Ligand code: AP5
Ligand code: MG
C-alpha cells in the first residue's frame with residue numbers, strides 16, 4: 001500500500017508510521033528524518049536546510065520533491081511505503097501525482113492543546129529515528145530501542161512550534177481538501193493514546 005500520513009506537527013505521523021512500517025513491511029519515508037540525517041552529517045543539503053528547519057519554515061519544494069522522487073525509485077518502495085511529512089504543499093502534492101499513484105491519505109486530526117503537550121515532552125533518537133514522550137520513558141536520555149542518546153529536537157522550542165503550526169495551517173492544511181476531492185482521504189481522530197489511535201488507523205485502512 002502507498003499511504004500518505006497527513007497531520008499537524010506533533011499529530012503523531014512519525015509514531016504511527018513506525019508502527020505501520022513494522023506491520024505492513026513497507027518503508028517509512030520521512031522527509032523530516034532525511035533532512036535531520038543530512039544535518040547531523042553536515043552534508044551540503046544539511047547545511048542548506050539547517051536554518052530553514054530551525055525557523056520552522058518549509059524547505060523549498062524543488063529540493064524536497066527531487067529527494068522524494070529519487071527515494072521512491074529505490075527497490076524497497078516497490079510494494080508500497082508510508083509517506084510521513086510529504087507532501088506538505090499543493091505544489092508537492094501535484095508533483096507527487098505526476099510520478100506516483102498513491103492509495104490513500106490518512107489525516108490525523110488532533111486538538112491543538114494535545115499537540116503542544118506532545119511536542120513539549122518529545123524526545124528523539126538521532127541514531128534510530130525513534131520518537132518518544134518523556135511520560136513513557138524511564139530514562140529521559142537513553143533510547144529504549146537502540147540505547148542511543150535521546151535529544152530534544154531543535155525545532156521543538158515554543159517559538160518554533162508556533163511557527164510550524166502557522167506554516168501547517170497556511171500551506172499544508174489545504175491538502176485535506178485536495179485528497180478529499182480525489183476520494184482518497186481517510187480521517188482519523190488522532191486524540192487519545194498511541195495504541196488507541198493506531199487501532200483506528202488499522203480499522204480505516206482495512207475498509
Ligand atoms: P517533520 O520532522 O516532518 O516534523 P512535523 O511535520 O512538524 O511533524 P513532527 O515530526 O513534529 O510530528 P509527528 O506528527 O511526526 O509526531 P510524532 O510522532 O513525533 O519536519 C521537520 C521540518 O523539516 C519541517 O518543519 C520542515 O522545515 C522540514 N520538512 C520536512 N518535510 C518537509 C516537506 N515535505 N517540505 C518542506 N519541508 C519539510 O509525535 C509527537 C510526540 O507525541 C512524540 O513525543 C510522541 O511520543 C507523542 N505521541 C504521538 N502519538 C501520541 C498519542 N496518540 N498519544 C500520546 N502521545 C503521542
Ligand atoms: Mg515526525
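The values are calculated or read from the model by the stated rules, or taken from the named source; none is laboratory data. Since this is a predicted model, take the numbers as computed values, not measurements. All Cβ positions, even for glycine, are placed from backbone atoms using ideal geometry, and neighbour counts span all protein chains on display.
Tabulated data for the structure shown
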quantity	calculated
The stretch 97-116, residues that are more than 10 Å from ligand 1 (Cβ to nearest atom) and more than 14 Å from the chain's Cα centre (by Cα)	97, 98, 99, 100, 101, 102, 103, 104, 111, 112, 113, 116
In the stretch 6-19, the residues that are in contact with a helix residue (DSSP H, G or I) (Cβ under 7 Å, 6 or more places away or on another chain) and either within 17 Å of residue 193 (Cβ to Cβ) or within 9 Å of ligand 2 (Cβ to nearest atom) (or both)	7, 9, 10, 11, 12, 15, 16, 19
All positions within the stretch 117-161 that are surrounded by fewer than 13 Cβ atoms within 10 Å (Cβ to Cβ), away from ligand 1 (no atom under 11 Å from the Cβ) and farther than 19 Å from residue 28 by Cα	138, 139, 140, 141, 147, 149, 158, 159
Test set (1) closer than 27 Å to residue 200 by Cβ; (2) within 14 Å of ligand 2 (Cβ to nearest atom); (3) surrounded by 15 or more Cβ atoms within 10 Å (Cβ to Cβ) - residue 114 fails condition number	(2)
Filter result for the condition that a residue is surrounded by fewer than 16 Cβ atoms within 10 Å (Cβ to Cβ), modelled with pLDDT of 95 or more and within 19 Å of residue 57 (Cβ to Cβ), over 170, 181	170
Top-ranked residue in the stretch 183-200 [being touching a residue at least 40 places away in the same chain (Cβ under 8 Å) and part of a loop (DSSP other than H, G, I, E, B); ranked as nearest to residue 90 (Cα to Cα)]	184
Filtered residues of the stretch 54-108 (kept if within 23 Å of residue 184 (Cβ to Cβ), within 16 Å of ligand 2 (Cβ to nearest atom) and part of a loop (DSSP other than H, G, I, E, B))	58, 85, 86, 87, 88
Members of the stretch 135-150 found to be outside any loop (DSSP other than H, G, I, E, B) and at pLDDT 95 or above, listed by number	142, 149
Those residues of the stretch 24-42 which are away from ligand 1 (no atom under 16 Å from the Cβ) and surrounded by fewer than 18 Cβ atoms within 10 Å (Cβ to Cβ), in sequence order	24, 25, 42
